[in-house]
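A short reminder: the numbers here are calculations on the coordinates, not readings from a lab. Since the model is a prediction, treat every value here as computed from it, not as a measurement. We place every Cβ from the backbone using ideal geometry, glycine too, and count neighbours over all the protein chains shown.
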Amino acid sequence: MKITIGSDHGAVELKDVVKKVLAELDVEVNDVGTFGNDAVDYPDIAEKVCAEVVNGNADRGIVLCGTGIGISIAANKIHGIRCALCNDVFSAKMSREHNNANVLAMGGRVLGFGPAGEIVKAWVTTDFSNDERHIRRIGKISALEK
Ligand code: RB5
C-alpha cells in the first residue's frame, strides 16, 4: 500500500512517529512535509496530500495538524476525499469499514504517540466492508459533491 502523509507545524513530531509505524506495516510512504517548525497553512498540506490520493499516486492519505480539525475540514472540501478525524481506535476501524475513508486525520496536540500509533495500525489494516448499505450511503456522500 502507498500512503502520502503531510502535517502542518502542529504535528511534525507526530508525523515522524506515524512514519515509523507505517514502515513497520510495510507501507510505502511519501512525505510531502512540512519538515520544520516554521508555521505553514494546513489547507496547503491537505491539498498536497489529497491530490496524490485523487490522482491515484497514493492509495490513501494521512493528514495531521495541531487538532486534526482544520486539516480534516480542508481535506473534505476536495472532490473524492472522505477524510476521517479519529481520536480513538474504534472510530478508525469504523471509518474504514463503514465510510471507506481514504484519508485519516489526527491532531498532534491531542493524541499521545502511543494511541496515535494504534489508531494508524487499525486504520491501515481495516478493509471496507463492501456492505450494500454502506456502498449506498457513500454513493449519497458522493452525490453531495455535485
Ligand atoms: C495551527 O496553529 C493550528 O491552528 C492547526 O495546527 C490546527 O490545529 C487547526 O485546526
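Is the range 29-79 best put as rounded, prolate or oblate by its Cα gyration tensor, with a ≥ b ≥ c the root eigenvalues, rounded for a/c under 1.5, and otherwise prolate when a/b is larger than b/c, oblate when not? Walk me through the numbers before you get to the answer.
Values: a/c = 2.09, a/b = 1.31, b/c = 1.60.
It is oblate, given that a/c is not under 1.5 and a/b is not larger than b/c.
From the helices alone, meaning DSSP H stretches of at least four residues, give me the mean residue ellipticity at 222 nm for the chain, per-run term -39500 (n - 2.57), in deg cm²/dmol to the nearest 500.
Details: 6 runs with 68 residues, N = 146.
Counting only the DSSP helices, I get -14000 deg cm²/dmol.
What is the range 13-146's relative contact order, in percent, from Cα pairs under 8 angstrom and six or more apart in sequence?
Numbers: 190 pairs, mean separation 32.0, N = 134.
The normalised contact order for the range 13-146 reaches 24 percent.
How about the range 41-141: which trypsin sites (Lys or Arg not before Pro) there are in a DSSP loop, with at most 15 other Cβ atoms within 10 Å of their Cβ? Walk me through the intermediate numbers first.
Details: sites: Lys48, Arg60, Lys77, Arg82, Lys93, Arg96, Arg109, Lys121, Arg133, Arg136, Arg137, Lys140; in loops: Lys77, Arg82, Arg109.
Passing both the DSSP loop test and the Cβ count: Lys77, Arg109.
Take the Cα pairs of the range 1-102, get the Kirkwood Rh, then feed it into Stokes-Einstein at 20 °C and 1.002 mPa s and tell me D in µm²/s. Before the final figure, lay out each step's value.
Working: Rh = 13.4 Å.
For these conditions, the coefficient is 159 µm²/s.
Using the 10 angstrom Cβ neighbour count as an exposure proxy, how do Val53, Val63, Val89 rank, fewest first? Please report the intermediate quantities before stating the final value.
On the way: Val53 23, Val63 32, Val89 16.
In order of increasing Cβ crowding within 10 Å: Val89, Val53, Val63.
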